[in-house]
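**Q** Have a look at the structure that comes next, please.
The values are calculated or read from the model by the stated rules, or taken from the named source; none is laboratory data. Note that the structure is predicted; figures quoted are calculated from it, not measured. Cβ: placed from backbone, ideal geometry, glycine included. Neighbour counts: every protein chain shown. Just so you know, the surface numbers come from the protein's heavy atoms only, side chains and all, with ligands and any DNA or RNA stripped out. Shrake-Rupley method; radii C 1.70, N 1.55, O 1.52, S 1.80 Å.
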Amino acid sequence: MDSLLHDLPALTIRRISVSDMDNNVYLLTSKASGEQVLIDAADDAPAIRQLLADGASDTSAAPSLALIATTHQHWDHVRALKELVEATGAPTAAGADDAEALPVPVDRRLGHGDMVGVDGFELTAVHLRGHTPGSIAFVFQDPEGPVHIFSGDSLFPGGVGNTQKDPERFNQLLSDVTERLFGTYPDAAVVHPGHGKPTTLGAERPHLEEWRARGW
């Protein structure tokens, strides 16, 4: 199956699903520079290496994995991280409050609003507390089209991420998602979750109060 999701003016977005948990691994490749950002080295390093090879065809420059970004610390999102870091030497980025739990040293410990950039594009870190303490969504603001939000396990079609029936964590996550995603980005913004299919903020926005009322 073709991994290409979006062919944007400045970059491409590719996705594969790995493991029996249907984890999404995303690859952003700058067309001009060839620099790449991988989001969530979840599992199956050989499949991820093939994804990198596929992304190499999206640029006329020499491809280079410039950053491996992790949305959150949960084991199913980091199983291939150590192997890929050792193989590529790529630097890493993750939320500051999840960094110590990752299987590799984290080069960039991110807080809310921090920017991570490679040659060709930038991503904004949006801290969404609740699923884990340091969960981060990575946002690409395409100047020529919709915003792209890589939400990890914090926002899915139909609701926010799992907070283990903890009311405090649920309220924190829903409040952060409401303020920092729905309150900041337009309805056309595309949400790329950590598992399953994409959605848009516009498709989910009418259901925010329903989610709060049901408590998950």
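**Q** Please list the equivalent ellipsoid semi-axes of the stretch 127-216, computed as the square roots of five times the alpha-carbon gyration tensor eigenvalues, in descending order and whole angstrom. If you can, show how the numbers build up before the last one.
**A** Working: eigenvalues 86, 36, 24 Å².
In descending order the semi-axes read 21, 13, 11 Å.
**Q** Still on this model: With every protein chain present, what accessible area does Leu65 have (1.4 Å probe, heavy atoms only), rounded to the nearest 10 Å²?
**A** Approximately 30 Å² for this residue.
**Q** Can you give the FRET efficiency to the nearest 0.05 for Arg49 and Asp2, using r as the Cβ-Cβ distance and R₀ = 22 Å?
**A** So the FRET efficiency works out to roughly 0.80.
**Q** Related question: Ignoring ligands and nucleic acids, what accessible area does Val118 show with a 1.4 Å probe (Å², nearest 10)?
**A** Rounded to the nearest 10, that gives 20 Å².
**Q** Further question: Just the number, please: carbon plus sulfur as a percent of the accessible area of the chain, 1.4 Å probe, no ligands or DNA/RNA counted.
**A** For the chain, the apolar C and S fraction of the accessible surface comes to 51 percent.
**Q** When the convex hull of the C-alpha atoms of the chain is computed, what volume per residue in Å³ does it have? All intermediate terms of the calculation are to be shown ahead of the outcome.
**A** Details: hull volume 23.3 nm³, N = 216.
In the chain, the Cα hull volume divided by residue count equals 108 Å³.
**Q** Using a 1.4 Å probe and ignoring any ligands, DNA or RNA, find the accessible area of Met115 and quote it in Å² to the nearest 10.
**A** For Met115, the solvent-accessible surface is approximately 80 Å².
**Q** At a Förster distance of 35 Å, what's the computed FRET efficiency of Arg214 paired with Gln141, Cβ-Cβ distance as r, to 0.05?
**A** 0.65
**Q** Probe of 1.4 angstrom, ligands and nucleic acids ignored: what's the accessible area per residue over the stretch 4-214, in square angstrom?
**A** On a per-residue basis, the stretch 4-214 sits at 41 Å².
**Q** So if I place +1 on the C-beta of Lys and Arg and -1 on the C-beta of Asp and Glu, and nothing else carries charge, what would the dipole magnitude of the stretch 4-214 be about its Cα centre? I want it in debye, nearest 20. Please report the intermediate quantities before stating the final value.
**A** Values: 16 positive and 30 negative charges, 37 e Å.
With Lys and Arg at +1 and Asp and Glu at -1, about 180 debye.
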